[in-house]
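*Asks:* The structure under discussion is supplied below as structure tokens; questions concerning it will follow.
A short reminder: the numbers here are calculations on the coordinates, not readings from a lab. For clarity, every value in this text was computed on a predicted model and none was experimentally measured. Because the Cβ atoms are built from the backbone with ideal geometry, glycine has one as well, and the counts that use them run over all protein chains shown.
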Amino acid sequence: MRILHTSFECYPLAKVGGLGDVVGSLPKYLNGLGCETYVIIPFYDTEKINQLECETIYSGSLNLGTNTFDFSIKKEKSNVFGFQVFFVDINKLLFRPGIYEYPDDTERFISFQLAVMDWIVSSETKPDIIHCHDHHTGLIPFFVSQVEKYQSICEIPTILTIHNAQYQGEFSYDRLRYIPPFNFNNVGLLDWYESINPLAAAIKCAWSVTTVSPSYMVELQEKANGLEGLLSHENKKCTGILNGIDHDTWNPETDPMIIENYTDDNLVSERKPNKEWLCKEFNLNPEKPLFAFIGRLVYEKGADILPDAIYQTLVNTDDISILILGSGNKEVERRLQELKELFSGNYNTYIGYDEKLSHIIYAGADFLLMPSRVEPCGLNQMYALRYGLIPIVRSIGGLKDTVVDIGDGGFGICHKHADVHDICYSINRGIELYKDQESYSELQKRIVKIDNSWNNSAKQYIKLYKSLKQ
């Protein structure tokens, strides 16, 4: 079975968040189970992509209103990623150093999808399934089912995976001219609240809709940035399939980014060099439990309440260390930076993103903070478990599906609310756990054996693919 994944991100070539990690790992596991899976993303002007050896396999042109753009489809020749990667190269629109946040993002998203559609139609060997990820490729199910130009492939099943329903890609009807001719009686398939909404269109037109955890699917039917009613209406074709992680990339025994590798058998002793490096680098005490946060400093991640939670915690105890890695809201960044002067020796922060540093934190910290307001799946808690790092999470979305509280016989610390009180209380529970080093070490040994790889989830996707081809 040939599966084509269409996405604007794919690790390690282009990544902003979890979408990139999923598209960069799920195809490899699908191939390991007998599928022929390939991925197509934009050809960005980045060092990692420019270093690849590619060949042009298709060229064409597309119209966006009165503007015409030439494009080409490039094929990566080495096939080093465990799956075949293709690129859409549109010099004036996609060949840029960034992925998002350009004023013409709508034009960029639509042009990418039109180029993908033209390529599929022209290909002798067509996919059995077209798997679309988030709103950036959300118009493809509409194109396949409604656009006259693409009727030759209208029987190919399309799947939409919603990674984050907060972002929907909506745009006004003055850009309807970008859409190729279709039966205008069906324009309602594009519409949501008097705008063209690619995510809503995909929910309506795709044969199947998945989200990245079962709990997030339930939550979306109650709160989905205006799409609650639509998802409830379409719930018969909706399912939640939990994301996995790539155990080859995220493996403390072989990870080239960490200070010292370790196995399940020696993790208690050989995690120490990673913690010692972190503490030396950030002026922290390696004898104290190290609590860390890794992620975007945005409202959805609960980052705005971190400064107050850190302040309240460190005012009441100096028996711990806290390290923050992330960037995002400038006011949150400012408040986190200000805390460094107040709590020197117990607290530090790295504003920005550093992939190597994140790996070392997973390998060296003692507790990971994830006080998210919204967490469709969450991968950080799975990385943490893989590295023997105890997660402290709010029970929502994928966090609820992957972390069970130690008080319920589980392996993490969970709280109900994204507020200062719950975060501080959970940190205190972590402090008490850490004091009992025997119990803490036994818990570490247990969590590294949890299998959060893509093996099970990939099997669920294959089952879904097969059901659509029957």
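*Asks:* In whole Å, what is the distance between the alpha-carbon centres of the stretch 117-153 and the stretch 62-110?
*Replies:* The distance from the Cα centre of the stretch 117-153 to that of the stretch 62-110 comes to 16 Å.
*Asks:* A further question on this structure: Taking LYS275 as the anchor, which aspartates and glutamates have their alpha carbon closer than 15 Å to its alpha carbon, excluding any fewer than eight residues away along the same chain?
*Replies:* Here the aspartates and glutamates satisfying the reach criterion relative to LYS275 are GLU260, GLU287, ASP366.
*Asks:* In the stretch 1-110, which chymotrypsin sites (Phe, Trp or Tyr not before Pro) are in a loop and have at most 15 other Cβ atoms within 10 Å, using DSSP for the loop call? Write out the running numbers ahead of the final one.
*Replies:* On the way: sites: PHE8, TYR29, TYR38, PHE43, TYR44, TYR58, PHE69, PHE71, PHE81, PHE83, PHE86, PHE87, PHE95, TYR100, PHE109; in loops: PHE8, PHE43, TYR44, PHE81, PHE83, PHE95, TYR100.
Answer by residue number: TYR100.
*Asks:* Sticking with this structure for a sec: What longest region of the chain stays clear of trypsin sites (Lys or Arg not before Pro) that DSSP places outside H, G, I, E and B and that have at most 14 other Cβ atoms within 10 Å?
*Replies:* After excluding every exposed loop site, the longest remaining stretch is 224-415.
*Asks:* Which value at 222 nm does the chain reach when only helices count, each DSSP H run of 4 or more adding -39,500 (n - 2.57), with the total divided by all residues and rounded to the nearest 500 deg cm²/dmol?
*Replies:* Details: 18 runs with 166 residues, N = 470.
Calculated from helices alone, the mean residue ellipticity at 222 nm is -10000 deg cm²/dmol.
*Asks:* Is the chain rounded, prolate or oblate when judged by the Cα gyration tensor, a ≥ b ≥ c being the square roots of its eigenvalues, rounded requiring a/c under 1.5 and prolate requiring a/b larger than b/c?
*Replies:* Numbers: a/c = 1.91, a/b = 1.80, b/c = 1.06.
Verdict is prolate for the chain.
*Asks:* Which whole-Hz couplings ³J(HN,Hα) result when phi for each residue of the stretch 80-97 is put into the Karplus expression 6.51 cos²θ - 1.76 cosθ + 1.60, θ = phi - 60°, listed in order with x for Gly and Pro?
*Replies:* Values per residue, Gly and Pro as x: 8, 8, x, 7, 7, 10, 10, 10, 9, 10, 10, 4, 7, 10, 9, 7, 9, x Hz.
*Asks:* Loop-only check: which GluC sites (Glu not before Pro) in the stretch 120-167 are DSSP coil with at most 10 other Cβ within 10 angstrom? Don't jump to the answer; show the numbers that get you there.
*Replies:* Values: sites: GLU124, GLU148, GLU155; in loops: GLU124, GLU155.
Taking the stretch 120-167 and a limit of 10 other Cβ atoms within 10 Å, the loop GluC sites (Glu not before Pro) found are GLU124, GLU155.
*Asks:* With θ set to phi - 60° and the Karplus curve 6.51 cos²θ - 1.76 cosθ + 1.60, what are the ³J(HN,Hα) couplings of the stretch 380-391 in order, to the nearest whole Hz, using x for Gly and Pro?
*Replies:* Couplings: 4, 5, 6, 4, 4, 4, 4, 9, x, 10, 6, x Hz.
*Asks:* What residues have an amide H closer than 5 Å to that of THR349, excluding those fewer than 5 places away on the same chain, when H is modeled at 1.01 Å from N in the peptide plane?
*Replies:* ILE324
*Asks:* Could you name the aspartates and glutamates in cross-link range of LYS340, using Cα to Cα under 19 Å and dropping any fewer than eight places away on the same chain?
*Replies:* GLU281, ASP304, ASP308, ASP318, ASP319, GLU331
*Asks:* I would also like to ask the following. Treating the beta-carbon of each Lys and Arg as +1 and of each Asp and Glu as -1, no other charges, what is the dipole magnitude of the chain about its Cα centre, to the nearest 20 debye? Please list the in-between numbers first.
*Replies:* Details: 44 positive and 62 negative charges, 181 e Å.
Charge dipole of the chain: 860 debye, to the nearest 20.
*Asks:* Something else now. When only alpha-carbon atoms count, how far does the stretch 267-447 stretch along each of its three principal axes, as whole angstroms with the largest first?
*Replies:* Over the stretch 267-447, Cα extents along the principal axes are 38, 34, 32 Å.
*Asks:* Going through the stretch 1-105, which GluC sites (Glu not before Pro) have at most 16 other Cβ atoms within 10 Å and a DSSP loop state?
*Replies:* Numbers: sites: GLU9, GLU36, GLU47, GLU53, GLU55, GLU76, GLU101; in loops: GLU9, GLU53, GLU101.
Sparse-neighbourhood loop GluC sites (Glu not before Pro): GLU53, GLU101.
*Asks:* Report ³J(HN,Hα) in whole Hz for each residue of the stretch 151-162, in order, from the Karplus equation J = 6.51 cos²θ - 1.76 cosθ + 1.60 where θ = phi - 60°; Gly and Pro get x.
*Replies:* Those phi angles translate into 5, 5, 10, 5, 8, 6, x, 10, 10, 10, 10, 8 Hz.
*Asks:* For LYS236, list the lysines whose Cα falls under 28 Å from its own Cα; do not include residues on the same chain fewer than 8 positions away.
*Replies:* Hits, sequence-local ones excluded: LYS126, LYS204, LYS223, LYS400, LYS459, LYS463, LYS466, LYS469.
*Asks:* Right, another one. Taking amide H positions as placed in the peptide plane 1.01 Å from N, state which residues far from ASP45 in sequence (5 or more) or on other chains have amide H under 5 Å from it.
*Replies:* ARG96
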